[in-house]
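The values are calculated or read from the model by the stated rules, or taken from the named source; none is laboratory data. Because the structure is predicted, anything quoted here is derived from the model rather than measured. Positions of Cβ are generated from backbone atoms using ideal geometry, with glycine treated the same way; all protein chains shown enter the neighbour counts. Accessible surface is based on the protein model in full, side chains and every heavy atom, while ligands, DNA and RNA are left aside. Shrake-Rupley method; radii C 1.70, N 1.55, O 1.52, S 1.80 Å.
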Amino acid sequence: MGKISIEKLMKLYVDTINKCGTYLLHEDDVTIGYNIFEEFDTGVISFLHNETLERLYQAELISDETMYKSSILRNLVLELQQGNSWNVDAVRNAPEWRKVLELADEIKGCLAAD
């Protein structure tokens, strides 16, 4: 299988970031579960991977700040996957999740400025 084009990679990266954010705190449990545990979770593995971020950075589609924050976001989520906070209630209430949701919002702000 060939490499994903840089344009498609950017779209998938943005789609991943858009599945997470503080807006989810106003959504129902089904929406939170789908966005975080199906869509965002999958995207974190592939589209927030260091190699992907490096490709986007080299193509000048994301800034170094966006790349750095995206890497931190990925690490935070991977840590959450290993613990007891991998559920909708935690997304709504745990400070670790609040940090993830707010960081996703920060990245969206960076993307708008990039």
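General remarks:
- Taking the chain as a Gaussian network of alpha-carbon nodes connected by springs under 10 Å, the highest mean-square fluctuation of the residues ILE17, ILE36, ILE45 belongs to ILE45.
- For the cross-link pairs LYS69/LYS108; LYS11/LYS69; LYS8/LYS99; LYS3/LYS108; LYS3/LYS69, the ones whose C-alpha atoms lie over 21 Å apart are LYS8/LYS99; LYS3/LYS108; LYS3/LYS69.
- Loop-located trypsin sites (Lys or Arg not before Pro) across region 1-62 with a Cβ neighbour count of 16 or fewer within 10 Å are LYS3, with loop assigned by DSSP.
- Residues with amide H under 5 Å from that of ILE4, placed H, sequence gap 5 or more: none
- Taken per residue, the accessible surface of the chain reaches 57 Å², heavy atoms only and a 1.4 Å probe.
- Angle of helix 64-81 to the longest C-alpha principal axis of the chain, folded into 0 to 90 degrees and rounded to 10: 40°.
- Simple spin-label estimate for GLU65 and ALA90 in nanometres, 7 Å along Cα-Cβ: 3.0
- Expressed as a whole percent, the accessible area of the chain that falls on carbon and sulfur atoms is 50 (1.4 Å probe).
- Convex hull volume of region 41-114 per residue (C-alpha atoms, cubic angstrom): 79
- Sequentially through region 92-97, phi angles give Karplus couplings (6.51, -1.76, 1.60; θ = phi - 60°) of 6, 10, 7, x, 5, 6 Hz, Gly and Pro residues having no value and appearing as x.
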